[in-house]
Structures are given as C-alpha cells and as structure tokens.
Amino acid sequence: MALLLLLFLANILTISEGTCEPGIIKQIHLLRPRSGAGGNSIPGLSCLSWRLAVETNNIIGWKTVPEECEEYVGHYMLGKQYRKDSRAVAKEAFLYAQSLKLAGDGKDIWIFDIDETTLSNIPYYAQHGFGAEPYNATLFDEWVMEGAAPALPESLWLYNKLLSLGIKVVFLTGRQESQRNTTASNLKNVGYQAWEKLILKEPSKYSGKTAVFYKSNEREMLEKKGYRIIGNMGDQWSDLLGTNTGNRTFKLPDPMYYIS
C-alpha cells in the first residue's frame, strides 16, 4: 500500500478529467485491473459483494473492513472506479438541481456532509489500512487538525454548479465544534469559498446520541428557520436517514467505515 500512496500523492499534481472544472486536481490514480477472464477464480472477488452490501446498507453496524478486503478497498478508493462512482452521483444530483424551480428568496439550501463527501481523508486512511484498522479517534483528530484534506473533485464540481444555480450550501458534519477554524480553513483552501452555514457537533449537546439523531435534529432546526432542504448529500447512510432529510438524498460511495 505504500507504493499506492506514493502514486496517489504523485497524481495530486495531475489535472482532473471528466466533469471536474479546470484547476481541480486529480486526487486518485487509475485502478489496476483486479479480475480475470474465462471463468478463472479471482482471489478476493467476494469483497465486491461485501462492498455492495455495505453501500446498500444491508450490512450495518460493522467496525472494520474485513482483513481480506483491505487491499481491495485500497485499490477501489485509490482507483478510477471510485472516481466514476462519485461522478455518477454528482452528475445525477446536478441534473436534479437544474430541474428545480427555485423560490429565489435565498432559503433553498443543499446540505453536504464533509468527511468523504466534500473533503477526502484518503491520505490518512491509506496509512491506516483503508478502514481495516480499528478507528483511532486520537490519530484521526490529529489528521483533521492538520487541515490538509484534499477536496473530493466531483463534490467540488457539484458545489460550484449549485452555487451557479443560486442554491445556498450548508455543511453539516460530525466533526467537533473545537475543529471549526481548521475545518473552515481547509474547506476554503481547497476551493469551497462560501457557504450559508457550517454546522459542527457540540459534544455537550449530543453526547451519546447517534449521528442520525444529531443530523436529524440540526436539519429540523434549519427548517424551523425557514430553510428548504432541496438536496442532501453524504457518504454515510446516517447522513441521509432520520427526519427532515430533504426533498432528495444522494449517497456517495464509502466502504472504509460505518457511522450509525
């Protein structure tokens, strides 16, 4: 995986292709083929089924990526297919947003999660087993406080398209309130220059509560203030389930971790 990480970092210097705007850097190198032909048995092929079950929320409550799937998940996250999957979601979200007739009163909002939605933590997870290692809150918080997470290019493309349509953006993240300044600087440094609100979790208010509860409550408060949630995007089902989820939700791929 060390070689994969080096290739990943090298590609940061390469301009992204596809839907991404000029100047949005390419974060991921091409996926190396991991399959065969002629009915040959492919080691690790069952990991395809595991990822499908995870993404469709049929496997829930899991703590780590299965050990035998670490390499598969690493290749997926560093590869072309992850970019294609993210691009498909972003394109569909834009087509939906483009079809809407907005009220024009500044109250139409789009909610984005942050980690693995607008910012990518691949540089961190590439050094920690792509989710095969147990989550270490201390190490992850240290990474967050570096403020070095790159943008997920497809989400940055969608973000700019939504702003051009007159839709305001709200970031709703499970990051702690103490990480506000670093998170705001990180977002701005990679291209997310403006937003209506940046909502972070207050531990004293949501201690012991699930992400579904926290995000549902915050969305409810937004709607009580007169906002209309026309779209909601995240990498976790807990970003999209619960109450006050918005007119449409869009799930980005993320087989590295599960948040309830």
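Residues in the stretch 20-51 that are touching a His at 6+ places or on another chain (Cβ under 8 Å) and either modelled with pLDDT of 50 or more or surrounded by fewer than 12 Cβ atoms within 10 Å (Cβ to Cβ) (or both): 32 alone. Among residues of the stretch 233-253 that are at positive phi, those with a Cβ under 9 angstrom from a residue that is open to solvent by 30 Å² or more (accessible area, probe 1.4 Å) and in a helix (DSSP H, G or I), sequence gap 6+ or separate chain, pair up as 242/212; 242/213; 242/217; 244/217; 244/220; 244/221; 244/223. Taking helices (runs of 4 or more DSSP H) as the structural unit, those lying wholly within the stretch 52-129 and holding at least 3 residues that are hydrophobic (A, V, I, L, M, F, W, C) and open to solvent by less than 10 Å² (accessible area, probe 1.4 Å) correspond to 80-98. Collect the residues in the stretch 181-236 that are farther than 24 Å from residue 94 by Cα, among the aliphatic types (A, V, I, L, M) and touching a Lys or Arg at 6+ places or on another chain (Cβ under 8 Å), keeping them in residue-number order. Across the stretch 181-236, the qualifying residue is only 200.
Of everything in the stretch 242-252, what is under 17 Å from the mean Cα position of the chain (by Cα), surrounded by fewer than 20 Cβ atoms within 10 Å (Cβ to Cβ) and either basic (Lys, Arg) or part of a loop (DSSP other than H, G, I, E, B) (or both)? Give them in sequence order.
Applying the first criterion (under 17 Å from the mean Cα position of the chain (by Cα)) to the stretch 242-252 yields 245, 248-252.
Subsequent filtering for residues that are surrounded by fewer than 20 Cβ atoms within 10 Å (Cβ to Cβ) retains 245, 248-249, 251.
Across the stretch 242-252, the qualifying residues are 245, 248, 251.
Residue-by-condition table, conditions (1) open to solvent by 20 Å² or more (accessible area, probe 1.4 Å); (2) part of a strand (DSSP E or B); (3) of a type in the set (D, E, K, R):
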site	(1), (2), (3)
174	yes, yes, no
179	no, no, no
188	yes, no, yes
191	yes, no, no
208	yes, no, no
217	yes, no, no
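Considering (1) in contact (Cβ under 8 Å) with a residue 24 or more places away in the chain; (2) open to solvent by less than 60 Å² (accessible area, probe 1.4 Å); (3) of a type in the set (Phe, Trp, Tyr); (4) over 30 Å from residue 230 (Cβ atoms), the lone condition that residue 140 does not fulfil carries the number (1). Output yes when any residue across the stretch 120-134 is of a type in the set (S, T, N, Q), farther than 21 Å from residue 160 by Cβ, in contact (Cβ under 8 Å) with a residue 60 or more places away in the chain and in contact with a helix residue (DSSP H, G or I) (Cβ under 9 Å, 6 or more places away or on another chain), and no when none is. Yes, the stretch 120-134 contains at least one residue that is of a type in the set (S, T, N, Q), farther than 21 Å from residue 160 by Cβ, in contact (Cβ under 8 Å) with a residue 60 or more places away in the chain and in contact with a helix residue (DSSP H, G or I) (Cβ under 9 Å, 6 or more places away or on another chain).
The values are calculated or read from the model by the stated rules, or taken from the named source; none is laboratory data. Only a predicted model underlies this, so the values are computations on that prediction, with no experimental measurement involved. No Cβ is skipped: glycine too gets one built from the backbone with ideal geometry, and neighbour counts run over all protein chains shown. Calculation scope for accessible area: heavy atoms of the full protein, side chains included, ligands and nucleic acids excluded. Shrake-Rupley method; radii C 1.70, N 1.55, O 1.52, S 1.80 Å.
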